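Take a look at the structure below.
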Amino acid sequence: MGKPKRAGRELAYVLTLPLTAAAGLVYLLIVAMGVLSSASGIGLPLLALCVPGARGLGAANRRLAGLAGVRVAKPAPLRLPAGLFNRLGTALGDAAGWRAIIHSLVRVPAAVLAFAAAAGLWGFGVILLACPLWWQAALFPALTPGGWPGALLASVIGLVLLLAAPAGVHLALGPERMLARTLLGPAPAAARIRTLEETRALAVDDAAAALRRVERDLHDGTAARLVTLAMSLDMVREELAEAGPSPRLDRARALLEGAHHTAKETLAELTDLIRGIHPAALDNGLEIALTTLAARSPLTVALDADLPERPSPAVETIAFFCTAELLANVAKHSGARRAEVELRARDGRLRLRVSDDGAGGAAISPHTDTPTGTGTGLRGLADRVRVVDGTLGLHSPPGGPTVVTVDLPLRA
Amino acid sequence: MRIVIAEDAVVLRDGLCLLLSSRGHDVAAAVGDGDTLAEAVAEHRPDVAVVDVRMPPTHTDEGLRAAIGIRRDHPGLGVLVFSQYIETRYAAQLLADGARGVGYLLKERVADIKDFLAALDRIAAGQTVLDPEVVTQIMGASRRAEALGALTPREREVLAMMAQGRSNSAIAEALFLSYGSVEKHVTQIFTKLGLGPSDSDHRRVLAVLRFLQA
């Protein structure tokens, strides 16, 4: 950024200061009214509107601060929970809103300082520089430099002031910049949470991608080689079958039979292992993978999926393994004959619902060191779901039916 | 018979070529992706194409899509699709345009070359060969379907084996039945599914199709 450009932008910023500072003070007044009347209960809803509303003020100030050369990150958006009272509480406690309100109060001296500096340097500079003009034109009869030397001296002083103005205003804007930086961005804890959320999402996606790579390498490399090996062993076996009878050949045949069998078993185990790492059909969408899962289940499983928007791979993987585990649980423990799997993608969330017509009475066990029974399986699922800020709900009265709902974000 | 192979893992592709040519088959081309497969089939006019489901560039289902494409473009061409995993949806897509001369097998079945070669012969002859795994999955998917409700459990068993491409004598052997009673079951299946007497092979294919679509 060139110096003249910066000076122009900072001057523009200073010129907006009276307006923004005044707007902030008016807002403060409203907030103060809300606080004072909150004892009577009327003020609380007003305050609940004002506090998150101050984010708008903060956003305007944050964008304007860009003129003064301050880049501030946006605070995290306000997430309102369900329920009127919860919403009220969250709105009243909105840190970003309160910080914007505090900013509009404490910025007043800083704004005055910056405005005074700009007025003094730019304003007086121009006036003094133009001294010979207005003296000659006798615009201000009360003011007179008292002759040409005085007028020229005033001009020179005016020039010096103007030359010093960019640096002076920049300096005087220091407190304004500092306040914008500390109060208009995310709070330190919020910024930390944001970083953690972002890095966690990266870690989750990374892990999913790594598993996919491992799966592909095993599938394209190891598994293909094993198939070829087993096939070759079978070809050798057929060749040997043509040869005549001999005790040594018989022993070789038996060994070969065993080797062929082992190769096939290894291949089957590897195939199961690969499927457990990452089901390949997931790459083509959750629905295709779940169709196979439903068909392979010993129960009658009705699958109803409606996914207009595709979740991220990590979320698809979690949803798939949740369904697999839940269906396995149903088959193992509930005594159910049918299960229903319902999958919906709506409003940025993926909702999975697995219900059965079994005996019910399932519970999520608290954390224990000895994993046994269904409870710990559900506990493990709940933990897995939590990795992406998802939730797992269980409704399983004795006598059934059991309904498990899993709520996940579409993007981790 | 003349065969075109599409498999991206070189070691397995070479192994298949060796196996098939050592058994007197003519491997006209061995390619590594779906587009080249379509070209090779158009050029060599094989009796059967052996296609891996997962191939470059996306390694998901391009082999399947290529198989469906060449079946549409070349009626009468036998297609054997094989894969590490059987996906119910893929099976349904592959069989949507009819089950004549189609096979869908797990890759590991290649390890039993006698069965594999027999499957190729049957596909070339226009029959259907489905992996037992496909049959299990489709049976699972159609358990609630009413279409097969009229069949007795034994008849369902026989039908499932027909879907695997087995002959009546092979079914008799596997289910420990006499050849005659298998024939009786098959006739019962045809009657219950409303398939009138015509070319018996064709009726078999139709019965399998009915079974798959249920």
Relative compactness, the range A:184-258, computed as alpha-carbon Rg over 2.2 N^0.38 Å: 2.43
For chain A, what is the mean residue ellipticity at 222 nm derived from helices alone (per DSSP H run of n ≥ 4: -39500 (n - 2.57); sum divided by total residues; nearest 500 deg cm²/dmol)? -21500 deg cm²/dmol
Least to most buried among B:Asp115, A:Asp356, A:Asp347, by other C-beta atoms within 10 Å and fewest first, runs A:Asp347, B:Asp115, A:Asp356
Anyone know which of A:Leu11, A:Leu64, A:Leu229 comes out most mobile in the 10 Å Cα GNM of chain A? A:Leu229
In Å, the C-alpha Rg and Dmax of the range A:9-79 are 14.7, 46
Signed unit charges on C-beta, dipole axis of the protein assembly as shown, positive-most listed residue B:Ala40, B:Val129, A:Ala324: A:Ala324
In a Debye calculation with equal point scatterers on the alpha-carbon sites of the range A:19-157 and no solvent, what is log10 I(q)/I(0) at q = 0.12, 0.13, 0.16, 0.20 Å⁻¹? -0.64, -0.69, -0.86, -1.12
Would you work out the charge dipole size for chain A about its Cα centre, treating the Cβ of every Lys and Arg as +1 and the Cβ of every Asp and Glu as -1, and quote it to the nearest 20 debye? 2000 debye
Hey, got the average number of other protein chain Cβ atoms within 10 angstrom for residues in B:113-120? 2
Just the projected area, averaged over all directions, of the convex hull on the alpha carbon atoms of the range B:1-151: how many nm²? 8.7 nm²
Mind checking the mean number of beta-carbon atoms from other chains within 10 Å of the Cβ atoms in B:78-91? 5
Just the ratio, please: alpha-carbon radius of gyration of the range A:243-347 over 2.2 N^0.38 Å, N its number of residues. 1.62
Nonlocal amide H pairs with A:Leu350, under 5 Å, H built at 1.01 Å: A:Leu408, A:Leu410
Relative contact order for chain A: what percent, with Cα pairs under 8 Å and sequence separation of 6 or more? 11 percent
Residue-averaged 222 nm ellipticity for chain B, from DSSP H runs of 4+ at -39500 (n - 2.57), nearest 500: -16000 deg cm²/dmol
Answer in debye to the nearest 20: the dipole magnitude of the range A:1-119 about its Cα centre, from +1 Lys/Arg and -1 Asp/Glu charges placed on Cβ, is 580 debye
Among DSSP bridges having both ends in the protein assembly as shown, what percentage is antiparallel? Round to the nearest 5. 40 percent
Rg (one decimal) and Dmax (whole number) from the Cα set of the range A:173-330, in Å, equal 26.6, 101
Hey, what does the equivalent ellipsoid look like for the range A:81-217, semi-axes from the Cα gyration tensor as sqrt of 5 times each eigenvalue, largest first, whole Å? 58, 23, 10
Kirkwood hydrodynamic radius for the protein assembly as shown: how many Å is it when counted over pairs of different Cα atoms? 31.2 Å
State whether the range A:263-412 is rounded, prolate or oblate according to the following rule on the C-alpha gyration tensor (a ≥ b ≥ c being the square roots of its eigenvalues): a/c under 1.5 gives rounded; otherwise a/b larger than b/c gives prolate, and the remaining case gives oblate. rounded
Percent relative contact order of the range A:301-412, based on C-alpha pairs within less than 8 angstrom and at least six residues apart? 30 percent
Rounded to the nearest 20 Debye, what is the dipole magnitude of the range A:323-412 about its Cα centre when Lys and Arg each give +1 and Asp and Glu each give -1 at the C-beta? 200 debye
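Only the coordinates and a few stated rules stand behind these numbers; no lab work does. Everything numeric in this text was worked out from a predicted model, so none of it was measured. In this analysis, Cβ positions are derived from the backbone assuming ideal geometry, glycine residues included, and neighbour counts consider all displayed protein chains.
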